[in-house]
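A short worksheet on the structure shown next.
The values are calculated or read from the model by the stated rules, or taken from the named source; none is laboratory data. Here the structure is a predicted model, which is why all the values come from computation and not from measurement. Glycine gets a Cβ as well: all are built from the backbone with ideal geometry, and neighbour counts include every protein chain shown.
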Amino acid sequence: MFYRHIDDHLCLKLVSPFDAEAFFAIIDAERDRLGRWLPWVWAMNSVEEERKSLADLTGWPPPKQICTALVLDGQVIGSVGLPTIDLDAKWAEIGYWIGSAHEGKGYVTSGVRELEKLVFLDLGLAKTQISVDVDNVRSRSIPERLGYSLDGTLRRSLISDNSGRVADRCVYSLLREEWDARESANP
Ligand SMILES: CC(C)(COP(=O)(O)OP(=O)(O)OC[C@H]1O[C@@H](n2cnc3c(N)ncnc32)[C@H](O)[C@@H]1OP(=O)(O)O)[C@@H](O)C(=O)NCCC(=O)NCCS
């Protein structure tokens, strides 16, 4: 589910049930070689069994929320996360903030793009959503830069600060097929 980059070509990724096809393809093609040393290989006879095993292994379903720190050269500078993951309706909300010293450099946009991969590829969901106070121009430019559609503005539905003021909320979204098209045009 998450990637730890080892070098430019190699990384570690936490598994999810969506890796079942790729795992099973190797296991099935190399059953004799792997099964000589790894006895669990003989119990893995279909993609479905592999998917179930990965689900058990990872404690699937995933948590209801995911929060990550943005780390620049070893220093925590902000956060991007999924404050809502709706596995039934297949969408997740993305949220973010960053320290002012690191604003305006595209770090949050890059973090959001990485979370989109998590949502679409690892969690297998169909939509990401970003909700923003209508007056938060800086935050609104993130989904706009990334090609999200403005689904609508919900009047008086968001508390942004501690004044008690209820603001209008812009709801942006990106569908899986729109993400596919955007990523193939701009990998
Ligand atoms: C909203 C917030 C997260 C936006 O942070 P940000 O640093 O502006 O966002 P990004 O990291 O995507 O950076 C975008 C800027 O970097 C520039 N940039 C440079 N390289 C870039 C790249 N490779 N990709 C994208 N943008 C890049 C963009 O042109 C843009 O510049 P601009 O500010 O002059 O328009 C930040 O202002 C914040 O933390 N605000 C307070 C908390 C908040 O409002 N959270 C959101 C609640 S909904």
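Within the option set Ser141, Ser131, being near the ligand (Cβ under 10 Å from one of its atoms), surrounded by 15 or more Cβ atoms within 10 Å (Cβ to Cβ) and more than 26 Å from Leu12 (Cβ to Cβ) holds for one residue only, Ser131. Residues in the stretch 80-108 that are within 15 Å of the ligand (Cβ to nearest atom), surrounded by fewer than 16 Cβ atoms within 10 Å (Cβ to Cβ) and either within 20 Å of Tyr3 (Cβ to Cβ) or among the charged types (D, E, K, R) (or both): 3 in all. If you go through the stretch 85-97 one residue at a time, do you hit one that is of a type in the set (Phe, Trp, Tyr), touching a residue at least 60 places away in the same chain (Cβ under 8 Å), within 25 Å of Asp168 (Cβ to Cβ) and assigned to a strand (DSSP E or B)? Scanning the stretch 85-97, I find at least one residue that is of a type in the set (Phe, Trp, Tyr), touching a residue at least 60 places away in the same chain (Cβ under 8 Å), within 25 Å of Asp168 (Cβ to Cβ) and assigned to a strand (DSSP E or B), so the answer is yes.
Pro63 fulfils the conditions (1) within 16 Å of the ligand (Cβ to nearest atom); (2) of a type outside the set (S, T, N, Q); (3) modelled with pLDDT under 95 except for a single criterion, (1). Only one of the numbered conditions (1) surrounded by 11 or more Cβ atoms within 10 Å (Cβ to Cβ); (2) free of Cβ contacts under 8 Å to residues at least 60 places away in the same chain is violated by Trp40, and that is (1).
Listed by position, the strands (runs of 3 or more DSSP E) enclosed by the stretch 105-187 that each have at least 2 residues that are closer than 22 Å to Ala69 by Cα, touching a strand residue (DSSP E or B) at 6+ places or on another chain (Cβ under 7 Å) and among the polar types (S, T, N, Q) are 127-133. Selection within the stretch 1-28: residues that are in a strand (DSSP E or B) and exposed (fewer than 11 other Cβ atoms within 10 Å of the Cβ). The member of this set that is modelled with the highest pLDDT is Leu12. Please work out if Thr128 is closer than 19 Å to Asp151 by Cα, modelled with pLDDT of 95 or more and among the β-branched types (Val, Ile, Thr). So Thr128 fits the description; yes.
Would you say Glu177 is exposed (fewer than 13 other Cβ atoms within 10 Å of the Cβ) and among the acidic types (Asp, Glu)? So Glu177 passes the test. Determine if the stretch 70-84 includes at least one residue that is on the phi < 0 side of the Ramachandran plot and either assigned to a loop (DSSP other than H, G, I, E, B) or not assigned by TED's automatic domain parsing to the domain that holds Glu144 (or both). Within the stretch 70-84 (the criterion being on the phi < 0 side of the Ramachandran plot and either assigned to a loop (DSSP other than H, G, I, E, B) or not assigned by TED's automatic domain parsing to the domain that holds Glu144 (or both)), the answer is no, since none of the residues qualifies. Among the conditions (1) surrounded by fewer than 19 Cβ atoms within 10 Å (Cβ to Cβ); (2) near the ligand (Cβ under 10 Å from one of its atoms), Glu114 misses just one, which is (2).
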